[in-house]
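The values are calculated or read from the model by the stated rules, or taken from the named source; none is laboratory data. The shown structure was predicted, so the numbers you read here are calculated from the model rather than taken from an experiment. Here the Cβ positions follow ideal geometry from the backbone for every residue, glycine too, while neighbour counts run over all protein chains shown.
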Amino acid sequence: MPSDREIVDAPGAPAAVGPYSHAVRAGGLLFCSGQIPLDPRSGELVGQTPAEQARRCLENLREVCAAAGTSLERAVRLTIYTTDLGAFAQINDVYATFFASEPPARAAVGVAALPKGAYVEIDAVVAL
């Protein structure tokens, strides 16, 4: 029986820290799980500032997209979660380097805490 969804495993991204997939492909879209700023090789949290952590999150999402045969530039929506909305201008500066033209829709959410003490987590929905 054909499935209407396919699990995507991204070898270049950090291993999942819980019972979830890197992404799920369904209906012409890729639904990427949130990425926190983990180094793909060591699995350790990287980045001392929210901006540095945002860069690693987006780099990890780029790897997930590549594993699914698409690119982060095809994102239709991202959500940024941060424990420090006061640093949002710096996060935005990093974000802009990934989406120089035609940026995707986006939401930003202030949260009390994130896994492993991260300052930033980013998830994405990407066109295939």
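Worth pointing out:
- Residue count for the stretch 59-110, restricted to those that are closer than 22 Å to PRO14 by Cβ and among the acidic types (Asp, Glu): 4.
- Filter pass, ALA16 being small (Gly, Ala, Ser), under 28 Å from ARG5 (Cα atoms), touching a strand residue (DSSP E or B) at 6+ places or on another chain (Cβ under 8 Å) and at pLDDT below 95: yes
- From the options VAL94, VAL64, VAL24, residue that is in a strand (DSSP E or B) and at pLDDT 95 or above: VAL24
- Scan of the stretch 96-127 for residues that are within 15 Å of the chain's Cα centre (by Cα), free of Cβ contacts under 8 Å to residues at least 60 places away in the same chain and over 19 Å from LEU30 (Cβ atoms), ordered by number: ALA96, THR97, ALA108, VAL109
- When we screen ARG55, ARG77 for residues that are within 26 Å of ALA112 (Cα to Cα), outside any helix (DSSP H, G or I) and not hydroxyl-bearing (Ser, Thr, Tyr), the only hit is ARG77.
- Residue pairs meeting the criteria (Cβ under 8 Å; at least 6 apart or on separate chains; first assigned to a loop (DSSP other than H, G, I, E, B), in the stretch 1-20; second of a type in the set (S, T, N, Q) and surrounded by 13 or more Cβ atoms within 10 Å (Cβ to Cβ)): ASP9/SER21; ALA13/GLN35; ALA13/ASN60; PRO14/GLN35; PRO14/ASN60; ALA16/SER33; TYR20/SER33
- Yes/no for CYS32 being under 14 Å from the mean Cα position of the chain (by Cα), part of a helix (DSSP H, G or I) and not charged (D, E, K, R): no
- Scanning the stretch 82-93 for residues that are surrounded by fewer than 20 Cβ atoms within 10 Å (Cβ to Cβ) and either among the basic types (Lys, Arg) or out of contact with any Gly (no Cβ under 7 Å at 6 or more places or on another chain) (or both) returns THR83, ASP84, GLY86, ALA87, PHE88, ALA89, GLN90, ASN92, ASP93.
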